[in-house]
Amino acid sequence: MPSDLERACDLRALLHRYAHEYYVLDTPTVPDAEYDRLFAELQALEIAHPELATVDSPTQRVGGKPLPEFSEITHKVPMLSLNNAFEDEDIAAFDKRVREGLGVAEVVYDVGPKFDGLAISLTYADGVLTQAATRGDGATGEDVTQNVRTIRAIPLRLSGTAVPALLEVRGEVLMLKKDFARLNEDQVTRGQKTFANPRNAAAGSLRQLDSRITATRRLTFFAYGVAQCDGVALPGEQSAIMDFLAAQGFPVCHERSRVAGAQGLLDYYRAIGEKRGTLPYDIDGVVYKVDSLAQQAELGFVSRAPRWAIAHKYPAQEELTTVEAIDIQVGRTGALTPVARLKPVFVGGVTVTNATLHNEDEVRRKDVRVGDTVIVRRAGDVIPEVVGVVLEKRPMRDVPGADLFSAAQEPVNPPFEMPKTCPVCGSHAVKGVDEAVTRCTGGLYCAAQRKQALWHFASRKALDIDGLGDKIIEQLVDIGLVKTPADIYLLNPEQLAGLERMGEKSAQNLLAGIAVSKNTTLPRFIYALGIRNVGEATARDLASHFGTPGIQKDEKVIAEEVAKYFAEFGELMSDLPADEAECKQVIARRLDLLTQVPDVGPVVAQSIVDFFAEAHNRDVVAALLAAGVYWPAIEVNAAREGPFTGKTFVLTGTLPTLGRDEAKAMIEAAGGKVAGSVSKKTSVVVAGEEAGSKLAKAQELGITIWTEEQLRAALA
């Protein structure tokens, strides 16, 4: 049996190989679950035996303690910029200068895309990544080593057969189009500002002082050159150096090539231009470099740019077109996004007919109206967006009865107004306080949110339906078998047998998992409903505050009886009055009822009221109880008594032996509460290794800070 040291070394080697296959070669040989299992094993070994941890371990990619600021790094070899060319004549002139400078009839060039990202310098000592720096002003850059370690495409240790004693690699950090789209979708979900394009997203992610944030953003990297190399003789051609870098484990662009003469350069430029829209990353041109390093040295530099290289830029990706309509799209989390339907226009190699307007505030800020002539940009070659309105072209009409002292004309079309109801399900659309995003309150009922709502309902911390993963949910929704969570409990073996990769045994196991999930608790049930701003802690607070008489197994609950199983909370289960004044009074009463619950403020209360104001959400609750979901009774205000009664705790950092859920359970069993953020109401902050901003805020507020040992002592 191998020792812990041998096992740790083996695991690191395996994980490095699997990560290289996945992120660099794009040919994974093991499923994600196997990688995660090996990663967890290595992580456990390094926690148990800290002396086994190494700087190049895959576990170091998760991010570390936030930095107060970035330190400066002086580049030993300056990171110079390239001169730009825009016309065919510029390229012909460049090739002529190179040929004349070398005194040759034809020159061979190494060519490749010009990534629209952030230039970076990576330094390796004896094969291990020791430093990463941004380009900065070319002479000095910022030390972003901690952040770069989180980028899985960048090797922490070189893998070549001959590893240099010192290697400085130059390349580009960027974000793939699909990851950019996913990031902006998440930003919208959280009500945060979206990024304009992948380059801005990559730059903002790489320059986070908290590397744990960088670790959550899927950045990638492509190497394009070597600045220094000691201990290994480099090839004599730029194209061969790229092969050398690939052998060392670096991602290099597959679109690179070798061409001869000005015509070869232009042919490559046009070929990449045609493929530009289908590339997985954003580019703004192509780069031409003389392939021979000896010829590069002979040509030398002029000012701050090499004579042997040039960037051939593509035209700006903006065009004018007309807004024919403004529609509303509903995302999987209920976010309503205005989308401009455009008169078709060719932008950046593709025909654009739709462009995102992001949210109501953005539409009003730009004052986009139907009929307007607008500037459209392919933002990062991913999602077309409306940059602005050409006001001089706005359709206007004469104002009836206008005189010399009033405006003679006014816009034909009125300003945009966000709809008050969801265009998919008809539920009310609401915009939270200090939020930019308007959301549908349909939740469980809305078809646009259906898959996300079902996934949440079946998740481990909700109803915990064993075997009901996202792939099965996708199929069940797509073929129309499941529309609401209640439909899950009506599934039968024959229906499941029609799903992909669902054999008889798998179907039986899933149905068994569904049956087991009926036995739940009220806090889990409330959390499973997916009410906005209602997490696990709030669900427990609501259940404890209002109580429930419980539901017995096999007890038949009809729709008219549902409210009683939620005690006082059941007031929310009735229709709102039709009379506007009376309706306002009822809503005010419900908000007041909810804000009496500890830690439930106006925003959370409003989310709960909005959710239950929709009759179809209440119908889903009734259908779930009718389908046999049940839970034990909870006495009103049945808070646990113990040494921590009345105290609020916050957990931060990594505790030596306790997992976050385990520590939370211990505190709650002793009568305490666990909150997610530090405030003046916090009693104690339990801090472990790499505790961040929560610890700093606790120190600022003078809140008691405990270690895990002190927490255990208080419970003894």
Exercise for review: Mind listing whichever residues of region 336-347 are surrounded by fewer than 21 Cβ atoms within 10 Å (Cβ to Cβ) and farther than 15 Å from Val387 by Cα?
Suggested key: Thr337, Lys343, Pro344, Phe346
Exercise for review: Considering (1) among the aliphatic types (A, V, I, L, M); (2) in contact with a strand residue (DSSP E or B) (Cβ under 9 Å, 6 or more places away or on another chain); (3) part of a helix (DSSP H, G or I), say which one Val259 fails and leave the rest.
Suggested key: (3)
**Study point:** Given (1) surrounded by fewer than 19 Cβ atoms within 10 Å (Cβ to Cβ); (2) in contact with a Leu (Cβ under 8 Å, 6 or more places away or on another chain); (3) part of a helix (DSSP H, G or I), index of the condition Asp95 fails
**Key:** (1)
Exercise for review: Go through the residues of region 451-462 one by one and say whether even a single one is of a type in the set (Lys, Arg), more than 18 Å from Val629 (Cα to Cα), touching a residue at least 12 places away in the same chain (Cβ under 8 Å) and buried (at least 21 other Cβ atoms within 10 Å of the Cβ).
Suggested key: no
Check your understanding: For Glu324, which of the numbered conditions (1) assigned to a strand (DSSP E or B); (2) over 30 Å from Gly261 (Cα atoms); (3) under 31 Å from the mean Cα position of the chain (by Cα); (4) not polar (S, T, N, Q) fails to hold?
Key -> (3)
Exercise for review: Sort out which residues of region 531-545 are of a type in the set (Val, Ile, Thr) and either touching a Pro at 6+ places or on another chain (Cβ under 9 Å) or buried (at least 21 other Cβ atoms within 10 Å of the Cβ) (or both), and write them in order of number.
Suggested key: Ile531, Thr538
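Filter region 508-533 for residues that are assigned to a loop (DSSP other than H, G, I, E, B) and among the basic types (Lys, Arg) and give the result. Spell out the reasoning first.
First, the residues of region 508-533 that are assigned to a loop (DSSP other than H, G, I, E, B): 518, 520-521, 529-533.
Across region 508-533, the qualifying residues are Lys518, Arg532.
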Review point. Within the group Pro78, Pro2, which residue is at pLDDT below 80 and of a type outside the set (A, V, I, L, M, F, W, C)?
Key: Pro2
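Which one is surrounded by the fewest Cβ atoms within 10 Å (Cβ to Cβ) among residues in region 305-319 that are at pLDDT below 90 and outside any loop (DSSP other than H, G, I, E, B)?
Narrowing region 305-319 to residues at pLDDT below 90: 305, 313-319.
Narrowing further to those that are outside any loop (DSSP other than H, G, I, E, B): 305, 313, 318-319.
On the way: Ala305: 15, Lys313: 16, Glu318: 13, Glu319: 17.
Only one residue fits best here, namely Glu318.
Only one of these is under 30 Å from Ala453 (Cβ atoms), in contact with a strand residue (DSSP E or B) (Cβ under 7 Å, 6 or more places away or on another chain), part of a helix (DSSP H, G or I) and among the aliphatic types (A, V, I, L, M): Val339, Val363. Name it. Full working, then the answer.
Numbers: Val339 fails: part of a helix (DSSP H, G or I).
After ruling out the rest, the residue left standing is Val363.
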Revision key, fill the gap. Taking region 176-204 and keeping residues among the small types (Gly, Ala, Ser) and either in the same structural domain as Pro384 (by TED's automatic domain parsing) or surrounded by fewer than 19 Cβ atoms within 10 Å (Cβ to Cβ) (or both) leaves Ala181, Gly191, Ala196, Ala203, Gly204
Practice item. Residue by residue through region 229-245, note down the ones that are over 24 Å from Val107 (Cα atoms) and crowded, with 16+ Cβ neighbours inside 10 Å. Key: Cys229
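For region 654-688, how many residues are charged (D, E, K, R) and either at pLDDT 80 or above or not assigned by TED's automatic domain parsing to the domain that holds Gly702 (or both)? Full working, then the answer.
Start the filter on region 654-688 by keeping residues that are charged (D, E, K, R), which leaves 660-662, 664, 668, 673, 680-681.
Those left that are additionally either at pLDDT 80 or above or not assigned by TED's automatic domain parsing to the domain that holds Gly702 (or both): 664, 673, 680-681.
So the answer is 4.
Tell me the residue from Ala663, Ala713 that is assigned to a helix (DSSP H, G or I), surrounded by 12 or more Cβ atoms within 10 Å (Cβ to Cβ) and at negative phi, please.
Working: Ala713 fails: surrounded by 12 or more Cβ atoms within 10 Å (Cβ to Cβ).
Criteria check complete, one pass: Ala663.
What residue, among those in region 413-445 that are part of a loop (DSSP other than H, G, I, E, B) and free of Cβ contacts under 8 Å to residues at least 24 places away in the same chain, is nearest to the chain's Cα centre (by Cα)? Walk me through it before giving the result.
Filtering region 413-445 down to residues part of a loop (DSSP other than H, G, I, E, B) leaves 413-420, 422-427, 432-437, 441-445.
Those still in the list that are free of Cβ contacts under 8 Å to residues at least 24 places away in the same chain too: 417, 420, 426, 434.
Working: Glu417: 29, Lys420: 28, Gly426: 29, Asp434: 21 Å.
Only one residue tops the list, namely Asp434.
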Study note, to complete from the structure: Scanning region 131-159 for residues that are in a strand (DSSP E or B) and in contact (Cβ under 8 Å) with a residue 24 or more places away in the chain, the one farthest from the chain's Cα centre (by Cα) turns out to be Thr140
Revision key, fill the gap. If you go through Ala119, Ala139, the only one that is loosely packed, with under 15 Cβ neighbours inside 10 Å, assigned by TED's automatic domain parsing to the domain that holds Phe222 and over 30 Å from Arg439 (Cα atoms) is Ala139
Study note, to complete from the structure: Residues in region 672-687 that are in a strand (DSSP E or B) and more than 30 Å from the chain's Cα centre (by Cα) total 1
Check your understanding: Any chance region 285-298 includes a residue that's touching a residue at least 12 places away in the same chain (Cβ under 8 Å), surrounded by fewer than 16 Cβ atoms within 10 Å (Cβ to Cβ) and among the charged types (D, E, K, R)?
Key -> yes
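Can you find even one residue in region 281-289 that is among the basic types (Lys, Arg), in contact with a strand residue (DSSP E or B) (Cβ under 6 Å, 6 or more places away or on another chain) and not assigned by TED's automatic domain parsing to the domain that holds Val347? Quick ask: steps written out before the conclusion?
Just the residues of region 281-289 that are among the basic types (Lys, Arg), to begin with: 289.
Add one more test, that the residue is in contact with a strand residue (DSSP E or B) (Cβ under 6 Å, 6 or more places away or on another chain), and what stays is 289.
In the following step, the residues that additionally are not assigned by TED's automatic domain parsing to the domain that holds Val347 were identified as 289.
The answer is yes, given that some residue of region 281-289 is among the basic types (Lys, Arg), in contact with a strand residue (DSSP E or B) (Cβ under 6 Å, 6 or more places away or on another chain) and not assigned by TED's automatic domain parsing to the domain that holds Val347.
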Practice item. Kindly provide the set of residues from region 670-710 that are among the acidic types (Asp, Glu) and either in contact (Cβ under 8 Å) with a residue 60 or more places away in the chain or surrounded by 13 or more Cβ atoms within 10 Å (Cβ to Cβ) (or both), ordered by number. Key: Glu690, Glu708
Point to revise | Conditions (1) under 20 Å from Ala623 (Cα atoms); (2) out of contact with any helix residue (DSSP H, G or I) (no Cβ under 9 Å at 6 or more places or on another chain): number failed by Tyr527 | key: (2)
Exercise for review: Could you run through region 567-578 and say how many residues are touching a residue at least 24 places away in the same chain (Cβ under 8 Å) and over 15 Å from Val620 (Cα atoms)?
Suggested key: 4
**Study point:** Matching residues, region 488-507, being modelled with pLDDT of 90 or more and either crowded, with 17+ Cβ neighbours inside 10 Å or part of a helix (DSSP H, G or I) (or both)
**Key:** Ile488, Tyr489, Leu491
Check your understanding: Which helices (runs of 4 or more DSSP H) does region 534-631 wholly contain that include 3 or more residues that are more than 26 Å from Gly672 (Cα to Cα) and either over 35 Å from the mean Cα position of the chain (by Cα) or of a type in the set (Ser, Thr, Tyr) (or both)?
Key -> 580-595
Review point. Is it true that some residue in region 161-177 is modelled with pLDDT of 90 or more and among the acidic types (Asp, Glu)?
Key: yes
**Study point:** Hey, Leu209 in contact with a strand residue (DSSP E or B) (Cβ under 7 Å, 6 or more places away or on another chain) and in the same structural domain as Val287 (by TED's automatic domain parsing) or not
**Key:** no
Practice item. Answer yes if at least one residue in region 260-283 is surrounded by 14 or more Cβ atoms within 10 Å (Cβ to Cβ), closer than 30 Å to His20 by Cα and among the basic types (Lys, Arg), and no otherwise. Key: yes
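The values are calculated or read from the model by the stated rules, or taken from the named source; none is laboratory data. What you see is a predicted model, and the numbers here were worked out from it, not measured in a lab. All Cβ positions, glycine included, derive from the backbone under ideal geometry; neighbour counts span all protein chains shown.
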